[in-house]
Amino acid sequence: MKKIFSRMGDGSALWLSEDELRQDLRTGTEDAADRGKIGPLSDDELERLFEICAAPQKVVSVEPGQEVVHSFDAGTLKFPLRGGVPVDRLGTVMAHERAFCSDTFEVGHSDYSFKPVKAIIAEERQSMEQIQLNATIPVYYGAMPNLGLYTKPDGPIDNWSELLPMGKVQEAREAQEEACEMAIQDIFFVAEAMHEAGSDGINFDTVGASGDADFLASLLAVEKLKKAIPEIHIEMGMAGEFVLGMHGGLKYNDTRLAGLYCHKQLELAEKAGVDIFGPVINTKSNKSVPWNIARSCTFVKACSEISKIPIHPNAGMGVGGVPVTSTAPVDAISRASVALIEIGKADGL
Amino acid sequence: MGGVRTAGDLVARVMASKALRVNEAKKYVADKLGISVFDLCDSQVMREVREDLNIGHVLARPGGAIGIEAKFRIAKLLDIEINSVKRFKERSECSL
Amino acid sequence: MSEKEIMQSSIDAILEGNEGKALATAREAVDMGADLVAVLNDGFSEGIRQVGNLFERGEKFLPELIEAAMIMEKVSAIINEAILKDSSVGATKIGTMVIATVEGDVHDIGKGIVISLIKTQGVNVIDLGRDVGTEAIIEGALEHEAGIIGTSALLTSTLNGQKKLEEELRIRGLRNRFKTIVGGAPVTQKFADKIGADAYAEDAAEAVVRVLELLGKSN
């Protein structure tokens with residue numbers, strides 16, 4: 001029987017029989033359903049995923065008229081820094097607007113965390129003002145809450161990653177609570193200033209990377225920002241499919257944050273005032289891309305079904321079914337994108 | 001969707017400023033432009049629409065609006081507030 | 001309690017994070033002359049593996065995992081002391097392992113979890129830190145007379161550090177002196193095979209199993 005070209009989650013090539021492909025799709029959705037305690041994809045949806053994954057074309061696409069918008073994270077890091085193209089941030093924005101035809105873009109500092117931006121806020125504001133004069137597309141300012149930066153040696157607070165292995169659980173929890181308060185102040189300060197500079201919105205990126213306190217700081221900062229500046233637009237992109245319980249006891253609106261999967265994260269983000277939510281589903285490098293795509297679609301569909309705000313799942317390297325490799329193959333990226341839009345009912349990527 | 005080559009930036013703006021899901025945002029923009037939802041991503045249709053309305057296009061032309069000039073028109077056309085436009089008006093004491 | 005009940009109580013005590021129950025179960029196992037190696041490996045250690053799996057699914061959190069690991073250390077001390085007193089029973093496998101996040105990579109949350117769990121098995125784990133160069137990893141392994149070198153890489157751009165370690169060990173004629181184990185989000189069994197690592201673990205719970213296997217191999 002003819003084998004279907006596919007890939008593993010690490011990007012390496014893989015050839016599957018029809019039965020193997022169907023089996024991977026089914027076990028992928030079942031894994032998500034089991035972990036997230038959500039419904040699996042239907043037979044019809046799995047059949048459509050089979051068609052997408054088994055299509056003989058290298059690149060697949062949605063039908064004309066079904067396109068969705070793209071938002072960005074780490075926008076100005078990718079072209080000039082990671083790509084090594086010698087242009088400044090304004091040049092990067094203009095290249096994305098006029099050459100790559102991006103729907104939106106995001107400006108960020110090379111450190112890409114809220115805390116260090118505080119010290120260079122005047123320069124960041126000036127850059128944003130200049131960019132806003134020249135750009136037609138919406139341009140957001142983005143950074144990560146990155147609670148780790150508040151711990152020694154980078155900050156004043158004892159490092160919970162060191163306290164926990166020593167068994168100092170209470171001290172580690174108190175350190176996270178303290179960092180959370182500091183982060184809220186910094187995020188508010190930076191977001192308010194960049195809003196005043198004309199930014200089209202603030203992108204909270206990789207939220208929850210330092211665990212549940214990181215997520216709490218972001219939710220409380222959003223709440224504070226929306227109260228002070230109701231018209232500010234906020235996008236929130238997550239760090240992982242569930243919130244890592246570094247603290248374990250933190251709550252927002254009486255809901256414990258640790259262990260929350262995407263659809264539960266979304267509910268709290270909505271309550272806080274987030275305008276666009278970006279769920280993240282981690283790609284498993286030792287499972288196939290179809291397995292990962294089915295799994296991602298199951299989580300994203302669970303978000304789309306209950307969401308009142310637009311959903312922009314992360315579909316980049318290592319997330320959303322895209323392989324964990326810095327040169328993610330276009331066959332896999334296009335399949336993941338189509339699947340997230342058609343089956344996950346994503347509003348954007 | 002194709003950014004300023006199509007209507008990608010416009011749909012993205014409405015999606016964020018009105019917190020609309022994608023299909024609602026597309027319909028809103030299509031109604032404002034007087035075209036079908038299908039045409040929003042047709043670069044041939046949108047070139048003409050964008051040039052006629054002078055709201056910025058992928059091709060740089062003499063007199064063609066870009067940046068803040070294009071956004072002044074987009075805000076009015078879509079009946080949305082664009083933060084940079086609002087601030088430009090405030091700082092320049094412009095009453096447009 | 002019967003031996004079967006001892007096993008179940010060992011697992012439950014770790015899963016519940018119940019120190020009193022764990023210590024009482026361990027003492028009862030010693031007093032009744034149970035197979036202590038089995039109680040440690042298939043009882044308490046199984047509890048730790050289950051805690052690791054639940055953590056990986058977002059159903060247990062880091063403080064609970066740490067608490068479980070600390071209870072496990074106390075239980076291991078009681079059982080190991082009893083085992084060593086009884087010369088007819090073989091001592092549990094004990095070895096030394098150095099572990100590091102490779103050069104250019106500062107992620108160490110996962111590494112910390114792996115260390116906590118492996119330590120519960122009576123393995124002496126030396127943490128060389130994060131962003132550690134190949135040379136420093138090898139020097140650390142030699143200095144601590146480690147049997148195993150474990151490395152973690154979270155970024156696709158730092159995977160090469162694990163490959164470089166294998167190459168450097170071969171160049172220096174040290175490859176057969178150490179067992180190597182690799183892990184991290186972008187790492188796969190295929191990658192481990194390609195670079196010539198002795199073992200790969202997908203998560204902390206699997207790392208415990210693989211390290212014990214490597215120690216078995218090296219003994």
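When segment B:1-22 is filtered for residues that are more than 8 Å from every other protein chain (Cβ to nearest Cβ) and in a helix (DSSP H, G or I), the ones remaining, listed by number, are B:10, B:14.
What residue, of B:7, B:12, B:19, is in contact with a Leu (Cβ under 9 Å, 6 or more places away or on another chain), buried (at least 16 other Cβ atoms within 10 Å of the Cβ) and hydrophobic (A, V, I, L, M, F, W, C)?
On the way: B:12 fails: in contact with a Leu (Cβ under 9 Å, 6 or more places away or on another chain); B:19 fails: in contact with a Leu (Cβ under 9 Å, 6 or more places away or on another chain).
Answer to the selection: B:7.
Out of segment C:123-142, which residues are assigned to a helix (DSSP H, G or I) and within 22 Å of residue C:215 (Cα to Cα)? Within segment C:123-142, C:137, C:138, C:139, C:140, C:141, C:142 meet the criteria.
In segment A:190-214, what count of residues is obtained for those that are over 18 Å from the mean Cα position of the chain (by Cα) and within 14 Å of chain B (Cβ to nearest Cβ)? Don't jump to the end; show me each part of the working.
Residues of segment A:190-214 that are over 18 Å from the mean Cα position of the chain (by Cα), as a first pass: A:190-200.
Next cut, within 14 Å of chain B (Cβ to nearest Cβ) only: A:191-200.
Qualifying residue count for the region: 10.
All of (1) assigned to a loop (DSSP other than H, G, I, E, B); (2) under 14 Å from residue A:335 (Cα atoms) hold for residue A:51 with one exception: (1). Apart from one condition, residue C:182 fits all of (1) away from chain A (no Cβ under 14 Å); (2) closer than 22 Å to residue C:95 by Cα; the exception is (1).
Within segment A:1-14, the set of residues being surrounded by 12 or more Cβ atoms within 10 Å (Cβ to Cβ) and in a strand (DSSP E or B) comprises A:4, A:5, A:6, A:7, A:8, A:14. Residues satisfying the criterion are absent from segment C:101-118 (criterion: surrounded by fewer than 20 Cβ atoms within 10 Å (Cβ to Cβ), outside the structural domain of residue C:10 (by TED's automatic domain parsing) and over 23 Å from residue C:204 (Cβ atoms)). Of all residues in segment B:54-77, exactly one satisfies the criterion of being away from every other protein chain (no Cβ under 12 Å) and within 23 Å of residue A:67 (Cβ to Cβ), namely B:77. Restricting attention to segment C:165-184, the residues being of a type outside the set (Phe, Trp, Tyr) and surrounded by 19 or more Cβ atoms within 10 Å (Cβ to Cβ) number 9.
On inspection, residue A:118 passes the criterion of being more than 14 Å from chain B (Cβ to nearest Cβ) and within 29 Å of residue A:312 (Cβ to Cβ).
Restricting B:29, B:85 to those that are at the interface with chain A (Cβ under 9 Å from one of its Cβ atoms), of a type in the set (Val, Ile, Thr), more than 19 Å from residue A:98 (Cβ to Cβ) and out of contact with any strand residue (DSSP E or B) (no Cβ under 8 Å at 6 or more places or on another chain) reduces the list to B:85.
Kindly indicate the residue of segment A:61-81 that is surrounded by fewer than 18 Cβ atoms within 10 Å (Cβ to Cβ) and away from chain B (no Cβ under 14 Å) and also nearest to the chain's Cα centre (by Cα) among those meeting that condition. Steps first, answer last, please.
Step one: of segment A:61-81, the residues surrounded by fewer than 18 Cβ atoms within 10 Å (Cβ to Cβ) are A:61-66, A:78, A:80-81.
Cutting the leftovers down to away from chain B (no Cβ under 14 Å) gives us A:78, A:80-81.
Details: A:78: 15, A:80: 21, A:81: 20 Å.
Filtering first and then ranking leaves A:78.
For residues that are within 12 Å of chain A (Cβ to nearest Cβ) and modelled with pLDDT of 90 or more, scanning just segment C:189-208, find the one that is nearest to the chain's Cα centre (by Cα).
Quick first cut of segment C:189-208, residues within 12 Å of chain A (Cβ to nearest Cβ) only: C:189-194, C:200-203, C:206.
When the remaining residues are screened for being modelled with pLDDT of 90 or more, the result is C:189, C:191-194, C:200-201.
Values: C:189: 18, C:191: 21, C:192: 18, C:193: 21, C:194: 23, C:200: 13, C:201: 11 Å.
So, considering only residues that are within 12 Å of chain A (Cβ to nearest Cβ) and modelled with pLDDT of 90 or more, the one nearest to the chain's Cα centre (by Cα) is C:201.
Among the residues of segment A:232-250, those that are within 13 Å of chain C (Cβ to nearest Cβ) and of a type outside the set (Phe, Trp, Tyr) comprise A:238, A:239, A:240, A:241, A:243, A:244, A:245, A:246, A:247, A:248, A:249, A:250. Scan segment A:15-48 for residues that are surrounded by 18 or more Cβ atoms within 10 Å (Cβ to Cβ), out of contact with any strand residue (DSSP E or B) (no Cβ under 8 Å at 6 or more places or on another chain) and within 14 Å of another protein chain (Cβ to nearest Cβ) and the total you get is 2. Among residues belonging to segment A:251-296 that are over 14 Å from the mean Cα position of the chain (by Cα) and in a strand (DSSP E or B), point out the one that is nearest to the other protein chains (Cβ to nearest Cβ). Only one residue tops the list, namely A:256.
So that you can scan it fast, the table gives a plain yes or no per residue for (1) under 30 Å from residue C:183 (Cβ atoms); (2) modelled with pLDDT of 90 or more:
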residue: C:8; (1), (2): no, yes
residue: C:16; (1), (2): yes, yes
residue: C:28; (1), (2): no, yes
residue: C:39; (1), (2): yes, no
residue: C:68; (1), (2): yes, no
residue: C:73; (1), (2): yes, no
residue: C:78; (1), (2): no, no
residue: C:88; (1), (2): no, no
residue: C:99; (1), (2): yes, yes
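Consider only pairs whose beta carbons are under 7 Å apart and that are at least six residues apart or on different chains; among these, list those whose first residue lies in segment B:40-51 and is over 18 Å from residue B:26 (Cβ atoms) and whose second residue is assigned to a loop (DSSP other than H, G, I, E, B) and at pLDDT below 95. These pairs meet every condition: B:47/B:57; B:51/B:57.
When segment A:175-202 is filtered for residues that are closer than 28 Å to residue A:158 by Cα, polar (S, T, N, Q) and crowded, with 23+ Cβ neighbours inside 10 Å, only A:176 remains. Residues that are touching a Ser or Thr at 6+ places or on another chain (Cβ under 7 Å), more than 14 Å from chain B (Cβ to nearest Cβ) and at pLDDT below 95 do occur in segment A:165-178, at least one of them.
The values are calculated or read from the model by the stated rules, or taken from the named source; none is laboratory data. Given the structure is predicted, the values throughout are model-derived calculations rather than measurements. Cβ coordinates were reconstructed from backbone atoms using ideal geometry, including for glycine residues, and neighbour counts include every protein chain displayed.
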